[in-house]
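**Student:** Quick one: this structure, given as structure tokens, is what I'll be asking you about.
The values are calculated or read from the model by the stated rules, or taken from the named source; none is laboratory data. Worth saying up front: this structure is predicted, and the values here are computed from it rather than measured. Note that we place each Cβ from the backbone using ideal geometry, even for glycine, and neighbour counts take in every protein chain shown.
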Amino acid sequence: MFRRKKKDEPTDAPPAPETVEAASAETPGAEASAEIETAAAPAVMESTAASETTEAAPETASAPTKSARGNRVQKVGIVSSDKMQKTVIVRVDRQVLHPKYRRYVRRTSKFMAHDDLGATTGDRVRIVETRPLSAKKRWRVIEIVQKAAK
């Protein structure tokens with residue numbers, strides 16, 4: 001059977017990685033390489049910080065749809081009803097592979113979306129998820145992709 005070793009008893013296992021690093025740091029060659037690495041580190045950090053600031057400025061100015069809250073789910077669908085005030089029902093179609101027959105089947109979902117843009121029935125719109133606006137309304141129309149043919 002196995003027995004536990006006491007704290008003072010020597011072990012057969014190799015030394016821990018921390019002790020190996022401490023021993024190698026005491027050698028004179030290691031000190032010189034450590035000084036070189038620390039001298040190069042601030043220059044690298046400064047260059048990455050500069051690149052981040054130059055990339056961040058154009059992104060905020062040119063991307064009005066991207067908010068500071070992260071990527072929200074967006075869907076494109078067709079308005080199926082606009083009979084309510086500032087609310088439309090958007091039908092989103094997607095195709096799913098049937099597990100048994102291996103054929104694509106059309107699945108439809110309907111979402112109630114807040115509409116300030118004035119979308120009408122038949123318009124193709126882009127909706128984005130948002131906080132709950134009412135009991136069933138959790139989406140907002142952000143763009144009318146294509147107007148309905150009249």
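**Student:** Return the only residue of LYS110, LYS150 being assigned to a strand (DSSP E or B) and either under 14 Å from ILE78 (Cα atoms) or more than 26 Å from the chain's Cα centre (by Cα) (or both).
**Tutor:** After applying the criteria, what remains is LYS110.
**Student:** Count, please, the residues in the range 80-96 that happen to be within 26 Å of the chain's Cα centre (by Cα) and loosely packed, with under 15 Cβ neighbours inside 10 Å.
**Tutor:** Residues flagged as within 26 Å of the chain's Cα centre (by Cα) and loosely packed, with under 15 Cβ neighbours inside 10 Å within the range 80-96 amount to 5.
**Student:** Would a scan of the range 50-62 turn up a residue that is under 29 Å from LYS150 (Cα atoms) and either more than 20 Å from the chain's Cα centre (by Cα) or modelled with pLDDT under 95 (or both)?
**Tutor:** No, the range 50-62 contains no residue that is under 29 Å from LYS150 (Cα atoms) and either more than 20 Å from the chain's Cα centre (by Cα) or modelled with pLDDT under 95 (or both).
**Student:** Filter the range 97-112 down to the residues that are surrounded by 10 or more Cβ atoms within 10 Å (Cβ to Cβ), out of contact with any Ser or Thr (no Cβ under 8 Å at 6 or more places or on another chain) and hydrophobic (A, V, I, L, M, F, W, C) and list them by number.
**Tutor:** Those that are surrounded by 10 or more Cβ atoms within 10 Å (Cβ to Cβ), out of contact with any Ser or Thr (no Cβ under 8 Å at 6 or more places or on another chain) and hydrophobic (A, V, I, L, M, F, W, C): VAL105, PHE111.
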